[in-house]
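K.L.:
Below you will find the structure I want to go over with you.
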């Protein structure tokens with residue numbers, strides 16, 4: 001049981017290049033999330049998904065796109081990378097909230113992205 | 001939307017002393033408040049959480065208190081140990097749809113031996 005995994009771990013891009021970050025979870029979770037982490041700003045939600053085929057915008061969605069074609073995978077795309085997108089990206093997953101269960105979000109190991 | 005503020009941003013304590021981190025939230029409809037610990041270079045991991053119908057929760061050396069009237073909640077770590085050194089994040093959730101969390105800016109805790 002690997003939990004939440006992310007690919008790649010590190011990446012360096014030039015301004016204007018594109019890339020896709022892959023998140024996979026084997027916990028059969030319905031919900032998945034993409035966050036970015038910048039110093040002093042905590043974790044900010046980029047996009048999230050409440051089920052296969054559905055996506056929604058979070059707090060900072062501009063410049064990013066996502067897709068959830070399979071329940072276990074959540075992809076984050078940068079079409080034209082900018083230096084402001086230099087950050088550490090975390091994926092997370094959770095079950096729907098039901099009573100006192102389903103609250104915990106489980107995080108992946110992160111992807112460190114540098115845009116030059 | 002929800003706004004969560006966290007203080008202090010850094011905290012240095014002597015081993016064995018207590019550490020307290022405070023968070024305030026803006027939306028009175030928030031009903032769930034988790035705390036995550038992130039060690040250097042690692043992923044955030046849940047250490048304790050509290051729901052809005054509970055005022056206090058304790059798990060060994062860590063405890064969380066919630067004051068709904070004042071809209072703030074706090075993490076208390078007693079008898080701190082070097083392995084408590086990490087960045088701690090508080091978060092709040094409004095309702096349950098999507099289980100979306102809004103995080104505070106984080107507190108870097110350093111426990112000096």
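Every number here is computed from the coordinates shown, using simple stated rules; none is lab data. A quick note: this is a predicted structure, and the numbers were derived from the prediction, not measured. Neighbour counts run over all protein chains shown; Cβ positions are idealised from the backbone, glycine included.
K.L.:
What are the extents of the Cα atoms of chain A along their three principal axes, in Å, largest first?
P.N.:
Rounded to whole Å, the extents work out to 45, 31, 26 Å.
K.L.:
Something else: No solvent, one uniform scatterer per C-alpha: report log10 I(q)/I(0) for chain B via the Debye equation at q = 0.13, 0.18, 0.22 1/Å, two decimals.
P.N.:
-0.45, -0.84, -1.22
K.L.:
Let me ask you something else. Quick one: which of B:88-98, B:4-14, B:103-113 comes out on top by average Cβ neighbours within 10 Å, and what's the full order, highest first?
P.N.:
Working: B:88-98: 21.3, B:4-14: 14.7, B:103-113: 18.7.
In descending order of packing, they fall as B:88-98, B:103-113, B:4-14.
K.L.:
How shielded is A:63-73 by partner chains, expressed as the average number of their Cβ atoms within 10 Å of its Cβ atoms? Present the calculation step by step, with values, prior to reporting the outcome.
P.N.:
Working: counts 0, 0, 0, 0, 0, 0, 0, 0, 0, 0, 0.
For peptide A:63-73, the averaged partner shielding equals 0.
K.L.:
Still on this structure, please answer the following. With no solvent and one point on each alpha carbon, what is the Debye value of log10 I(q)/I(0) for the range A:29-92 at q = 0.19 Å⁻¹?
P.N.:
At q = 0.19 Å⁻¹ the computed log10 ratios are -0.67.
K.L.:
Taking every residue in A:38-50, how many Cβ atoms of other protein chains lie within 10 Å of its Cβ, on average?
P.N.:
4
K.L.:
Would you tell me the mean number of C-beta atoms belonging to other protein chains that fall within 10 Å of each C-beta in B:89-100, as a whole number?
P.N.:
Details: counts 3, 1, 3, 0, 3, 0, 1, 5, 4, 12, 16, 10.
Across B:89-100, the average partner-chain Cβ count within 10 Å equals 5.
K.L.:
Once you have all Cα-Cα distances for the protein assembly as shown, histogram them in 5 Å bins from zero and send the whole-percent values.
P.N.:
In order of increasing distance, the bins hold 1, 7, 15, 18, 19, 16, 12, 8, 3, 1, 0 percent.
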